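A short write-up of the structure that comes next.
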Amino acid sequence: MPYRRAALALALMLAIAGCSSRDPAQGAITASEDLLAAIHEDAQAYAPDGYRELKAQLDSARALFREERYQEAIAALDDLPERAGVLATATAAAKERHRVELTAAWSGLAATLPGMLGAIELRLTELGQMHRLPEGLDQALIEEARAALGSTRAAWDVAVGTHAAGDLGGAVGQGQEVQALIHELMARLGIQPG
């Protein structure tokens, strides 16, 4: 795992940085940069405050380095590996919680939306066979609803394809848009959800 290698490199740099030379301080800063780079993407998404704190700690060490206060720069990074490890663990847990939430949301959409699309299609078939449409409905509305059903089905197919491609977040977002379209269609046609 890139995080562990970077943490080990930083720990080694901090351990050998007993003298006041520039090189160990530069090495500690570089190792810290590598460590933060290894957790950057997920930490920014799932624990941005914690990441900002570590970034501020690194920036402080950089400022000390620029002032040629090398020992202080090294000391400023002393607990960064441990804090980065805590952040990496918290980030992984938050990412997993988010994945579980998205999976549950997708499962709910996949379980209900096809049936709702079927209910709309059934209602349109029933309305098409009537000699006289119920009050509030006219042929133009029925044709609009048929066209909207076609585009809604196509949008659902895109969401299913997005899910199949492994983009769970994108699929849920698209599915929720489809759900809103379905609810709008059902309301226009007088179909009660449930």
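No lab work stands behind these numbers, since they all come straight from the coordinates. Remember, it's a predicted structure, so these values are computed and weren't measured experimentally. A quick note on method: Cβ atoms are made from the backbone with ideal geometry, for glycine too, and the neighbour counts reach across all protein chains shown.
Here are a few things to note about the model shown:
- Selected residue (criterion: farthest from R83 (Cα to Cα)) from residues of segment 19-30 that are part of a helix (DSSP H, G or I) and free of Cβ contacts under 8 Å to residues at least 40 places away in the same chain: D23
- Residue among A171, A155 that alone is in contact with a Ser or Thr (Cβ under 9 Å, 6 or more places away or on another chain) and surrounded by 14 or more Cβ atoms within 10 Å (Cβ to Cβ): A171
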